[in-house]
Amino acid sequence: MHLTRSLSCLPLLLAASLSAGAQAPASPGANPKLAALKAEAMRDIDSRAQFTQQFVDQVFSFGELGFQEFETSKYITGILKQNGFTVREGVAGIPTAWVATWGSGKPVIALGSDLDGIPQASQIPGVACHLPLVQGAPGHGEGHNSGQAVNITAALAIKNIMQREHLSGTLKIWPGVAEEQLGSKAYLVRDGVFKDVDVVLFSHVGSNLQTGWGAEQGSGLVSVLYSFEGQAAHAAGAPWRGRSALDAVELMDVGWNFRREHLRLQTRSHYVIRNGGDQPNVVPPTAAVWYYFRELDFKKIKELWAIGDSVALGAAMMTGTRLASERVLGSAWPGHFNRPIAEDMTDNIKLVGLPKWTAADQRFARAIQKEVKGDTTGLDTAVAKLEGDLPDSLNMGGGSDDIGDISWNAPTIVLLYPSNVPNLPGHHWSDAIAMATPIAHKGATAGAKAQALTMLDILLKPGLVDSAWSYFRNVQTKTVKYEPLMRPEDRPATELNAEILARYRPEMKKFYYDPKKFPTYLQQLGIAYPTLRKADGSCAATPNTLQ
Ligand SMILES: [Zn+2]
């Protein structure tokens, strides 16, 4: 947990540095020097638009799945090292996790964002219909290719200002590895990455510029792989000598689906069969099923998990097999986000505003929405409001993000920035279409500005960090204390997705973006933006550039 903040010398330092270049503030709250630095940071970020764009495009082209973000992490840590950050790699026993640090002293600002893609979401960007770049391959069907560009663009702008103004403070940049598996953030917490952190600013792709505080719509979860062992036999010649592990998996699933009727309405759960045997004439000696158990708080998640265990044991008994192992592959606390920081961010969001969308951007967005039968509202043109705390009674559950674990260890907010199109299904190829186009690029620049302005407030506004901690200690964690969902013996499931990448990477490599040759990834692929369905209904990328 966070160490008590020693009496901060920041306000004193600030007073000293501000008195040199600025008039005394006209009123409490108004700070001309801070306002000037914010204007400077926004100009600086605009001047980095090409850096941001190429970063977004580069990571898009890697399209790596959770725990296999090797190219992505190599690229990002390379940029950070070039810019004077000290990078610790292999954090928490995860080969693709790292922590990059620059600066010294308080406050410590941690900037995080996810890296990983979605299975079977390969998609040619800029074309408003389903056209995989590599058939069957993973891709950025959520938009996690953009968040590190948001954070690092902001960090580089603020680092310049900190150097020139001799501001005390430490920037800590870290990745959300395998977010889709809820696979890493609780391990980063266990590794102590957030022990000295004052504020965590997390960024996540969205379709508006927005943040929130308190509990949000959604669930926490534990992700568990149940493996059964039976007895192989000739499935026709001597089936009585076999005990099918697949039977155990199927009966566990049937049992769970009956039990589902008698669970709270807020519960969500789903499973995939990871191993169903090898071939029909061999009674499967091994089989495995992977469950996500989602509920609204730690205790209820544990209770749901215990029901899952009992159903698994029942299935093993019924089939004369054995529940051989139960592996936790991921976990996520339900998030709770910091009110003072979210309110501060919201003021900055108003200064930044949404990107200026062109008619082409809007036409393109509507075409994608139409393609997936979403509401054809186009891109948002008004900044969304600050989302407040959602009481449990109104939370019907939903998705999860392991940023939740971090949010219970240090004051945290999630900035959503408008790099993607609203009304898409999520975790889908259509969510990848805009993610290497001007929509994603402009959205990332807007996100970087909101992040940077809030970093300036954290560095320069006396009392903001203290208010954040006061909310964290006296409101958020007053009655709820963090304890990890994963067990002490659990380890990151770093082998996940390795086989998929081994299968597709050779083909995917052919489409890695080369910014030395092409200013944009769309240009490298030879895609005219936007490419829409033609009047005759056909939809095709420009031929001859894509074999
Ligand atoms: Zn995500």
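Give me the number: length gained by fully extending Asn474 to Val282, i.e. 0.36 nm times residue separation minus the C-alpha to C-alpha distance, one decimal in nm.
63.1 nm
Taking the 0 to 90 degree range and rounding to the nearest ten, how far is the long axis of helix 298-319 tilted relative to the main principal axis of the chain, both from C-alpha atoms?
That helix lies at roughly 20 degrees to the long axis.
Fully extended, how many nm does the chain gain between Glu326 and Thr381 (0.36 nm per residue separation, minus their Cα-Cα distance)?
That works out to 15.0 nm of additional length.
If you average the alpha carbon positions of the range 118-186 and of the range 482-515, how far apart do those two centres end up, in angstrom?
15 Å
Please label the shape of the range 104-205 as rounded, prolate or oblate, based on the square roots a ≥ b ≥ c of the eigenvalues of the alpha-carbon gyration tensor (a/c under 1.5 means rounded; beyond that, a/b larger than b/c means prolate, else oblate).
Oblate.
Mind ordering 58-71, 283-296 by average Cβ neighbours within 10 Å, highest first?
Result, highest mean Cβ count within 10 Å first: 58-71, 283-296.
For Ala540 and Asp196, compute 0.36 nm times the residue count separating them, minus their Cα-Cα distance, and round to one decimal in nm.
118.7 nm
Write down the accessible area per residue of the range 476-519 in Å², having rolled a 1.4 Å probe over the full set of protein chains.
66 Å²
Return the long-range amide H neighbours of Ala233 (sequence gap of 5 or more, or a different chain), with a cut-off of under 5 Å between placed amide H atoms.
Close amide H contacts, sequence-distant or interchain: Val283.
Which peptide among 262-270, 200-208 comes first, and what is the full order, when sorted by highest mean count of other Cβ atoms within 10 Å?
200-208, 262-270
The chain: Rg/Rh from Cα coordinates, Kirkwood Rh?
A ratio of 1.00.
According to a simple spin-label model (label point 7 Å from Cα along Cα-to-Cβ), what is the distance in nm between Lys74 and Glu489?
3.6 nm
Could you sort the peptides 220-232, 480-492, 455-467, 115-127 by per-residue average Cβ neighbour count (10 Å cutoff), highest mean leading?
Top of the packing list down: 115-127, 220-232, 455-467, 480-492.
Each residue of the range 40-51 in order: what ³J(HN,Hα) in whole Hz does its phi give by Karplus 6.51 cos²θ - 1.76 cosθ + 1.60, θ = phi - 60°, with x for Gly and Pro?
Going residue by residue, I get 5, 4, 5, 5, 4, 5, 4, 6, 9, 4, 6, 4 Hz, with x marking Gly and Pro.
Of the beta bridges DSSP finds with both residues in the chain, what % are antiparallel, to the nearest 5?
Around 65 percent antiparallel, to the nearest 5.
Once you sort the root eigenvalues of the Cα gyration tensor of the range 451-504 as a ≥ b ≥ c, which label holds: rounded (a/c under 1.5), prolate (a/b larger than b/c) or oblate (the other case)?
Note, shape of the range 451-504 comes out oblate.
For Glu387, which sequence-distant residues (separation of 5 or more, or a different chain) have an amide H within less than 5 Å of its own amide H, given hydrogens modelled in the peptide plane?
Thr211, Gly212, Trp213
Once the other residues with Cβ under 11 Å from the Cβ of Phe202 are scored (Lys, Arg +1; Asp, Glu -1), what is the net sum?
-3
Based on a Kirkwood Rh over C-alpha pairs, give the Stokes-Einstein translational diffusion coefficient of the range 182-325 at 37 °C and viscosity 0.692 mPa s in µm²/s.
Here the translational diffusion coefficient equals 186 µm²/s.
In the calculated pair distance distribution of the range 277-353, what percentage of Cα-Cα distances lie above 22 Å?
53 percent
Determine the shape class of the range 441-537: with a ≥ b ≥ c the square roots of the Cα gyration tensor eigenvalues, call it rounded for a/c under 1.5, and otherwise prolate if a/b is greater than b/c, oblate otherwise.
Oblate shape, in that a/c is at least 1.5 and b/c is the bigger or equal ratio.
Kindly write out, for the range 421-431 in residue order, the coupling ³J(HN,Hα) from the Karplus curve 6.51 cos²θ - 1.76 cosθ + 1.60 (θ = phi - 60°), rounded to whole Hz, with x marking Gly and Pro.
8, x, 6, 9, x, x, 6, 7, 4, 5, 6
Ignoring ligands, DNA and RNA, what percent of the 1.4 Å accessible area of the chain is carbon and sulfur?
C and S fraction of accessible area: 55 percent.
Between the range 411-475 and the range 382-406, what is the C-alpha centre distance in whole Å?
If we compute the Cα centre of each part, the gap is 14 Å.
Once amide H atoms are built 1.01 Å from N in the peptide plane, which residues 5 or more positions from Arg274, or in another chain, come under 5 Å H to H?
Hits under the 5 Å cutoff: Ala288, Val289, Trp290.
With a 1.4 Å probe and all protein chains left in place, how much accessible area per residue does the range 240-299 have, in Å²?
Each residue of the range 240-299 exposes 58 Å² on average to a 1.4 Å probe.
Compute the angle between helix 245-259 and the longest alpha-carbon principal axis of the chain, please, reported from 0 to 90 degrees and rounded to the nearest 10.
With rounding to tens, the tilt is 60 degrees.
The values are calculated or read from the model by the stated rules, or taken from the named source; none is laboratory data. All of these numbers come straight from a predicted model, not from anything done at the bench. Counting neighbours? That spans all protein chains shown, and the Cβs are built from the backbone with ideal geometry, glycine included. Side chains included, ligands, DNA and RNA excluded: accessible areas come from the protein's heavy atoms. Shrake-Rupley method; radii C 1.70, N 1.55, O 1.52, S 1.80 Å.
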